[in-house]
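Notes to accompany the following structure.
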Amino acid sequence: MEKVIAKINTLWAAAITLLASAFGEYWYLFVAFLVLNMVDYATGIIKARFSHTENSNKGAKGVVKKVGYWVVIALAFFIALSFESMGKTIGINLGFTQLLGWLTLATFLINEIRSILENLVVIGVDVPQFLIKGLEVAAKAVEDETKDSN
């Protein structure tokens, strides 16, 4: 049994190391977004079954949309990295451009959570109103921050 636990711990440590090297110090935010993607997709399917609007085309569009989110996030971080690198080349600190990636990820995290809550409401789950209102406030704050940084 100890060997099994040791192997599990080794695999877990390898996974964490891989994620940290690929996504940096805040890898868990990207994992959280992936988990939210999956939960949103699952609750969307359940909502469609509940409301008798199940449609394979909508499901396929949902998957494409989720992949698109990841592309947009990757582009936002790539743009930030590119500008930061160019800034180093010409002697200007453009590290603030990292906000592009983080604000994009924050926006999509909030949207996924809101979508999950909306799906749950349709299914009949009593979602506390303060959660819905709180996410609206958070979305507005991120949106205002992106407007201020323009």
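Between a first residue in region 96-110 that is farther than 18 Å from residue 82 by Cα and a second residue that is open to solvent by 30 Å² or more (accessible area, probe 1.4 Å) and part of a helix (DSSP H, G or I), which pairs have beta carbons less than 8 Å apart while being 6 or more apart in sequence or on different chains? Every condition considered, the pairs that remain are 107/143; 107/146; 108/69; 108/72; 109/29; 109/32; 109/36; 110/138.
For residue 78, the conditions (1) open to solvent by 60 Å² or more (accessible area, probe 1.4 Å); (2) in contact with a Leu (Cβ under 8 Å, 6 or more places away or on another chain) all hold with the exception of (2). Residues that are of a type in the set (Ser, Thr, Tyr) and either within 26 Å of residue 105 (Cα to Cα) or outside any helix (DSSP H, G or I) (or both) were ranked within region 40-68; the one that is least open to solvent (accessible area, probe 1.4 Å) is 43. Exactly one residue out of 8, 92 is part of a helix (DSSP H, G or I), among the aliphatic types (A, V, I, L, M), open to solvent by 40 Å² or more (accessible area, probe 1.4 Å) and without any contact (Cβ under 8 Å) to a residue 24 or more places away in the chain, and it is 8. How many residues does region 20-39 hold that are at pLDDT below 80 and either at positive phi or open to solvent by less than 50 Å² (accessible area, probe 1.4 Å) (or both)? Within region 20-39, residues that are at pLDDT below 80 and either at positive phi or open to solvent by less than 50 Å² (accessible area, probe 1.4 Å) (or both) number 2.
The values are calculated or read from the model by the stated rules, or taken from the named source; none is laboratory data. Source: prediction; values computed, not measured. So basically every Cβ, Gly included, is an ideal-geometry build from the backbone, and we count neighbours across all protein chains shown. What goes into the accessible areas is simple: the full protein's heavy atoms, side chains included, and nothing from ligands, DNA or RNA. Shrake-Rupley method; radii C 1.70, N 1.55, O 1.52, S 1.80 Å.
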